[in-house]
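What follows is one structure encoded as structure tokens, with my remarks underneath.
What follows draws every value from the coordinates through simple rules; no lab data is involved. Bear in mind that the values here come from a model prediction, so they are computed numbers and not experimental data. Positions of Cβ are generated from backbone atoms using ideal geometry, with glycine treated the same way; all protein chains shown enter the neighbour counts.
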Amino acid sequence: MAEYVYNPVQTVLPNQNVLLQDSIPCNRGYVLHRNGSGILTLRGCVNGTGCFARYQVTFNGNIAVPSDGTVGPISVSLAIDGEPIQTSKAIFTPAAVADNPPTDNNFGNVTSTAIITVPRGCCTTIAVENTSAGLTAADPAPAILVKNANLTVTRIA
């Protein structure tokens with residue numbers, strides 16, 4: 001198991017990644033990460049005659065609308081090679097925008113999990129992405145605040 005965290009409040013622009021720091025890095029080389037980056041690489045290292053490596057990836061964190069934003073649904077998703085996994089989308093609709101400076105009042109906790117299969121000898125990148133959309137098609141996608149980000153990667157096969 002490997003764990004990556006980022007506790008301070010960070011602003012994540014639309015379609016951008018949540019930044020992470022090593023907490024419990026993978027010491028076997030199955031999961032690669034550069035501190036301060038939002039991208040992790042999962043390696044398809046297998047034992048014996050296996051055809052793939054399988055990982056369970058779970059994100060948990062608190063999200064909010066910045067004080068200069070508009071109240072509406074906001075979301076994050078796990079992404080594989082830059083493409084959000086729609087079934088991992090975690091949505092929160094706050095009652096109000098966050099205080100300035102942000103306090104815990106208007107943050108909502110979200111969790112997202114996905115099982116990711118990496119073929120033998122291949123690598124796959126994963127990230128947690130701001131997948132929020134505007135209230136209407138004409139509205140721009142909002143930035144979000146993320147606090148206490150936690151991403152765990154567990155090799156399950």
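What the table shows:
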item: Net charge, residue 89 excluded, C-beta distance under 15 Å - Lys, Arg +1, Asp, Glu -1; result: -2
item: Convex hull of Cα atoms in the chain, direction-averaged projection (nm²); result: 9.0
item: Where labels lie 7 Å past Cα in the beta-carbon direction, separation of residue 156 and residue 45 in nm; result: 2.1
item: Dipole magnitude of the chain, debye to nearest 20 (Cβ charges: Lys/Arg +1, Asp/Glu -1, about Cα centre); result: 700
item: Stretch gain in nm, segment residue 125-residue 148, where the contour uses 0.36 nm per residue and the Cα spacing is subtracted; result: 6.1 nm
item: Rotationally averaged projected area of segment 61-130 (alpha carbon convex hull; nm²); result: 5.4
item: Cα→Cβ-extended label distance, 7 Å offset, between residue 54 and residue 117, nm; result: 0.8
item: Taking the chain and dividing mean pair separation by its residue count, relative contact order in percent (alpha carbons under 8 Å, at least six apart); result: 38
item: Net charge, residue 69 excluded, C-beta distance under 14 Å - Lys, Arg +1, Asp, Glu -1; result: -3
item: Cα-Cα pairs of segment 1-84 separated by more than 15 Å (percent); result: 66
item: Whole-Å distance, taken between Cα centres, linking segment 84-129 and segment 1-34; result: 12
